[in-house]
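Visitor: If you scroll down you'll find the structure; I have some questions about it.
The values are calculated or read from the model by the stated rules, or taken from the named source; none is laboratory data. Keep in mind that this is a model prediction, so the values were computed, not measured. A quick note on method: Cβ atoms are made from the backbone with ideal geometry, for glycine too, and the neighbour counts reach across all protein chains shown. Heads up: the accessible areas ignore ligands, DNA and RNA and are worked out on the full protein's heavy atoms, side chains in. Shrake-Rupley method; radii C 1.70, N 1.55, O 1.52, S 1.80 Å.
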Amino acid sequence: MPAVDTSALPDPRVCEQARLSRDARFDGLFFTAVTSTRIYCRPVCPAPAPKPTNIVYYRHAAAAEAAGFRPCLRCRPELAPGDGAWRRGDDVVARALKMIDQGALVDAPLADLADKVGLGERQLRRLFSERLGATPNEVHGTRRLLFAKQLLTETTLPITQVALAAGFGSLTRFNTAFREEYRMAPRELRKRDVPPAHDGVTLRLGYRPPYDLAAMLDFLRGRALPGVEVVDERSYRRVIGTADAPGWLRVSAWGGDAHALRLELHGAAPAQLLDIVHRLRRMFDLDADPHVIAQALGDDARLRPLLEARPGLRLPSGWDGFEIAVRAVIGQQVSVAAARTLTARLAQRHGTPLALASEGLTHLFPTPDRLVDVDLAEIGLTRARADTIRGLSRALLDGRVDFLPERTLEDFTSRWVALPGIGPWTAHYMALRALGHPDAFPADDLVLQKAVPTDGVRMTAKALTARAEAWRPWRAYAVIHVWKGSMAPPKSLKAVGAT
């Protein structure tokens with residue numbers, strides 16, 4: 001099948017073949033709208049294939065809804081993975097979409113969003129319309145309604161809480177918007193698809209295959225902080241929330257033939273559900289298109305066998321930016337085991353103790369205000385590392401650095417390297433694991449410098465950066481593949497970049 005063009009709607013012949021074969025690799029890359037029924041579907045829809053003359057293809061679900069089509073109740077477009085081509089990297093649309101995902105248009109006008117990405121409101125609206133077929137507000141509206149549809153179908157949350165979770169200020173506004181778009185009231189959908197009873201909230205998080213969950217859990221397990229996280233061969237668990245309202249989550253395989261992960265939530269406030277899902281989609285890299293990435297990196301003779309061996313390897317991001325920043329500083333030039341021990345000690349002594357029903361989860365990771373003035377020498381950190389952690393905590397509190405989605409990679413890293421004790425490796429490592437930035441590249445990494453060349457001679461950072469130019473804009477995936485290929489077994493790895 002021809003390659004997917006990540007900058008536009010795939011060729012109609014590609015769409016047609018993918019639709020007829022129900023090719024899961026194209027799930028979320030386009031949507032199929034049927035003019036005779038006014039319904040739009042995912043390429044993997046199990047319903048009988050409609051006639052080609054009744055088909056219109058759309059790049060984004062919001063474009064289909066803007067044209068008057070309703071989401072299919074059978075294939076459920078809300079379960080399609082996001083299009084990573086438009087939610088990753090430094091492109092204006094990518095940064096704007098990340099901000100929309102984080103609720104930028106819930107309480108603020110489009111002009112504010114446009115200003116943060118350096119464009120005028122009209123220009124941003126035109127750019128969205130040209131590339132996605134929908135305006136930013138239409139994308140935002142579709143995102144909210146599709147999430148509400150998922151909650152109505154998969155959970156027993158009261159409809160009032162569903163409205164709150166989807167970002168609607170009132171039940172009346174939610175009912176009106178839902179009825180206008182989907183031609184039915186929320187309660188009608190709930191009656192039609194009665195969700196099974198669950199303890200807590202259980203949601204399906206779709207991805208585009210292949211997906212190497214075992215490798216993801218292996219990476220996270222080697223770095224899991226006792227009391228904050230519990231990772232085994234089948235699942236990832238961690239504490240979430242606040243001291244006043246603690247909760248926990250578990251992520252595992254959905255099971256069967258579903259290309260999805262299972263998210264189980266306990267104690268999470270409805271208003272936090274969309275943010276939790278957004279964080280986990282980034283953390284587990286669920287919106288990536290592995291085929292596009294493999295095509296971009298596969299021309300490199302060093303990377304090709306790694307890609308073939310691990311076609312579903314993704315970027316293992318982190319739950320919280322500050323937590324990743326602290327881990328990165330503690331892990332500078334020490335082994336995975338040593339970094340984990342020191343970070344776990346910090347979490348136990350300075351985090352917030354909790355009493356939860358989930359065994360093994362006992363502490364919230366400390367916040368910047370908890371670490372800005374503490375003596376960290378007691379946990380075994382050097383004075384320089386302790387000073388750096390206090391300094392970055394203070395810089396986050398006063399706004400000199402942040403993890404805002406509107407930052408480009410250059411902007412993000414330049415702000416962080418301006419802090420004492422933060423070099424390019426640490427800044428790029430944070431971009432990779434805190435932001436999930438696909439082009440983050442810690443060129444000073446010792447593992448990369450030794451493992452990329454095939455002649456046994458360690459490369460300089462300058463030479464490695466030059467070699468990696470051909471890997472843009474997916475350099476971070478090359479990093480993960482090289483790291484994974486060098487970790488045999490993982491416990492033997494003892495170098496910068498292993499944190």
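Visitor: Kindly indicate the residue of the stretch 183-212 that is of a type in the set (A, V, I, L, M, F, W, C) and open to solvent by 30 Å² or more (accessible area, probe 1.4 Å) and also farthest from GLY82 (Cα to Cα) among those meeting that condition. It would help to see each step written out before you state the result.
Guide: Step one: list which residues in the stretch 183-212 are of a type in the set (A, V, I, L, M, F, W, C), which gives 184-185, 189, 194, 197, 201, 203, 205.
From the residues that got through so far, the ones that are open to solvent by 30 Å² or more (accessible area, probe 1.4 Å) too are 184, 194, 197.
Working: MET184: 25, VAL194: 26, ALA197: 27 Å.
Restricting to residues being of a type in the set (A, V, I, L, M, F, W, C) and open to solvent by 30 Å² or more (accessible area, probe 1.4 Å), the top hit is ALA197.
Visitor: May I ask you to list the residues in the stretch 137-196 that are part of a helix (DSSP H, G or I) and aromatic (Phe, Trp, Tyr)?
Guide: Initial filter on the stretch 137-196 (part of a helix (DSSP H, G or I)): 137-154, 159-165, 171-182, 186-192.
PHE147, PHE174, PHE178, TYR182, listed by residue number.
Let's see how each residue does on (1) acidic (Asp, Glu); (2) over 23 Å from GLY28 (Cβ atoms); (3) touching a Leu at 6+ places or on another chain (Cβ under 8 Å):
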{"residue": "ASP112", "(1), (2), (3)": "yes, yes, no"}
{"residue": "LEU127", "(1), (2), (3)": "no, no, yes"}
{"residue": "ARG187", "(1), (2), (3)": "no, yes, no"}
{"residue": "GLY200", "(1), (2), (3)": "no, yes, yes"}
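Visitor: OK, next. Any residue at all in the stretch 141-159 that's closer than 15 Å to ALA114 by Cβ and crowded, with 19+ Cβ neighbours inside 10 Å?
Guide: Taking the stretch 141-159 and keeping what is closer than 15 Å to ALA114 by Cβ, we get none.
Checking the stretch 141-159: not a single residue is closer than 15 Å to ALA114 by Cβ and crowded, with 19+ Cβ neighbours inside 10 Å.
Visitor: Within the set of pairs 6 or more residues apart or between chains, which connect a residue that is assigned to a helix (DSSP H, G or I) inside the stretch 380-397 to a residue that is open to solvent by less than 50 Å² (accessible area, probe 1.4 Å) and not aliphatic (A, V, I, L, M) with Cβ atoms less than 6 Å apart?
Guide: THR388/GLY421; SER393/PRO368; LEU396/PRO368; LEU397/PRO368
Visitor: Of all residues in the stretch 160-182, count the ones that are open to solvent by 10 Å² or more (accessible area, probe 1.4 Å), under 15 Å from LEU273 (Cβ atoms) and without any contact (Cβ under 8 Å) to a residue 40 or more places away in the chain.
Guide: The number of residues fulfilling the criteria is 2.
Visitor: Quick one: which helices (runs of 4 or more DSSP H) lie wholly within the stretch 291-379 and hold at least 3 residues that are farther than 26 Å from GLU469 by Cα and free of Cβ contacts under 8 Å to residues at least 60 places away in the same chain? Even if it seems obvious, please write down each step before you answer.
Guide: Working: elements: 304-309, 321-330, 336-350, 368-371.
By residue number, 336-350, 368-371.
Visitor: Sticking with this one: Taking only the stretch 68-87 into account, find how many residues are open to solvent by 40 Å² or more (accessible area, probe 1.4 Å) and not in a strand (DSSP E or B). Full working, then the answer.
Guide: Kept after step one, since they are open to solvent by 40 Å² or more (accessible area, probe 1.4 Å), are these residues of the stretch 68-87: 70, 73-74, 87.
Narrowing the set further to residues that are not in a strand (DSSP E or B) leaves 73-74, 87.
Count: 3.
Visitor: Related question: What's the total number of residues in the stretch 468-478 that are open to solvent by 80 Å² or more (accessible area, probe 1.4 Å) and under 19 Å from TYR429 (Cβ atoms)?
Guide: Initial filter on the stretch 468-478 (open to solvent by 80 Å² or more (accessible area, probe 1.4 Å)): 469, 472.
Among the residues that remain, those that are also under 19 Å from TYR429 (Cβ atoms) are: 472.
Number of matching residues: 1.
Residue-wise test of (1) farther than 26 Å from LEU265 by Cβ; (2) of a type in the set (A, V, I, L, M, F, W, C); (3) open to solvent by less than 10 Å² (accessible area, probe 1.4 Å); (4) within 22 Å of the chain's Cα centre (by Cα).
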{"site": "LEU306", "(1), (2), (3), (4)": "yes, yes, no, no"}
{"site": "LEU313", "(1), (2), (3), (4)": "yes, yes, no, yes"}
{"site": "ARG327", "(1), (2), (3), (4)": "no, no, no, yes"}
{"site": "VAL334", "(1), (2), (3), (4)": "yes, yes, no, no"}
{"site": "THR341", "(1), (2), (3), (4)": "yes, no, no, no"}
{"site": "THR352", "(1), (2), (3), (4)": "no, no, no, no"}
{"site": "LEU356", "(1), (2), (3), (4)": "no, yes, no, no"}
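Visitor: Could I ask something else about it? Output the residues belonging to the stretch 217-257 that are β-branched (Val, Ile, Thr), surrounded by fewer than 19 Cβ atoms within 10 Å (Cβ to Cβ) and in a strand (DSSP E or B).
Guide: Step one: of the stretch 217-257, the residues β-branched (Val, Ile, Thr) are 228, 230-231, 239-240, 242, 251.
Those left that are additionally surrounded by fewer than 19 Cβ atoms within 10 Å (Cβ to Cβ): 242.
Correct list: empty.
Visitor: What is the number of the single condition among (1) surrounded by fewer than 20 Cβ atoms within 10 Å (Cβ to Cβ); (2) touching a Pro at 6+ places or on another chain (Cβ under 7 Å); (3) modelled with pLDDT of 95 or more that ASP300 does not meet?
Guide: Exception for ASP300: condition (2).
Visitor: Counting just the residues of the stretch 397-411 that are of a type in the set (Asp, Glu) and open to solvent by less than 40 Å² (accessible area, probe 1.4 Å), which one comes out nearest to the chain's Cα centre (by Cα)?
Guide: So in the stretch 397-411, the residues of a type in the set (Asp, Glu) come out as 398, 402, 406, 410-411.
Then keep just the ones that are open to solvent by less than 40 Å² (accessible area, probe 1.4 Å); that gives 402, 406.
Values: ASP402: 17, GLU406: 15 Å.
If we take residues in the stretch 397-411 being of a type in the set (Asp, Glu) and open to solvent by less than 40 Å² (accessible area, probe 1.4 Å), then GLU406 is nearest to the chain's Cα centre (by Cα).
Visitor: A further question on this structure: For the stretch 35-46, give me each residue that is assigned to a loop (DSSP other than H, G, I, E, B) and open to solvent by less than 30 Å² (accessible area, probe 1.4 Å).
Guide: Residues of the stretch 35-46 that are assigned to a loop (DSSP other than H, G, I, E, B), as a first pass: 35-38, 42-46.
Once the filter is applied, which keeps residues that are assigned to a loop (DSSP other than H, G, I, E, B) and open to solvent by less than 30 Å² (accessible area, probe 1.4 Å), the stretch 35-46 yields PRO43, CYS45.
Visitor: Take the stretch 258-296 and flag every residue that is among the charged types (D, E, K, R) and either open to solvent by less than 30 Å² (accessible area, probe 1.4 Å) or in contact with a Leu (Cβ under 9 Å, 6 or more places away or on another chain) (or both).
Guide: The answer is ARG262, GLU264, ARG281, ARG282, ASP285, ASP287, ASP289.
Visitor: Consider VAL4 against the criteria (1) touching a Phe, Trp or Tyr at 6+ places or on another chain (Cβ under 9 Å); (2) modelled with pLDDT of 95 or more: it satisfies all of them except one. Which criterion is unmet?
Guide: With respect to (1) touching a Phe, Trp or Tyr at 6+ places or on another chain (Cβ under 9 Å); (2) modelled with pLDDT of 95 or more, VAL4 is out only on (2).
Visitor: Related question: Just to be sure I understand, how many residues within the stretch 278-337 are on the phi > 0 side of the Ramachandran plot and touching a Ser or Thr at 6+ places or on another chain (Cβ under 9 Å)? Break it down stepwise before answering.
Guide: Filtering the stretch 278-337 down to residues on the phi > 0 side of the Ramachandran plot leaves 285, 333.
Add one more test, that the residue is touching a Ser or Thr at 6+ places or on another chain (Cβ under 9 Å), and what stays is 285.
Here the count works out to 1.
Visitor: Which of the residues belonging to the stretch 50-61 are of a type outside the set (Ser, Thr, Tyr) and surrounded by 13 or more Cβ atoms within 10 Å (Cβ to Cβ)? Walk me through how you get there before you give the answer.
Guide: Here is the first cut: in the stretch 50-61, the residues of a type outside the set (Ser, Thr, Tyr) are 50-52, 54-56, 59-61.
Once the filter is applied, which keeps residues that are of a type outside the set (Ser, Thr, Tyr) and surrounded by 13 or more Cβ atoms within 10 Å (Cβ to Cβ), the stretch 50-61 yields PRO50, ILE55, VAL56, ARG59, HIS60, ALA61.
Visitor: Can you find a residue in the stretch 376-391 that is within 25 Å of GLY103 (Cβ to Cβ) and out of contact with any Cys (no Cβ under 8 Å at 6 or more places or on another chain)?
Guide: There is no residue in the stretch 376-391 that is within 25 Å of GLY103 (Cβ to Cβ) and out of contact with any Cys (no Cβ under 8 Å at 6 or more places or on another chain).
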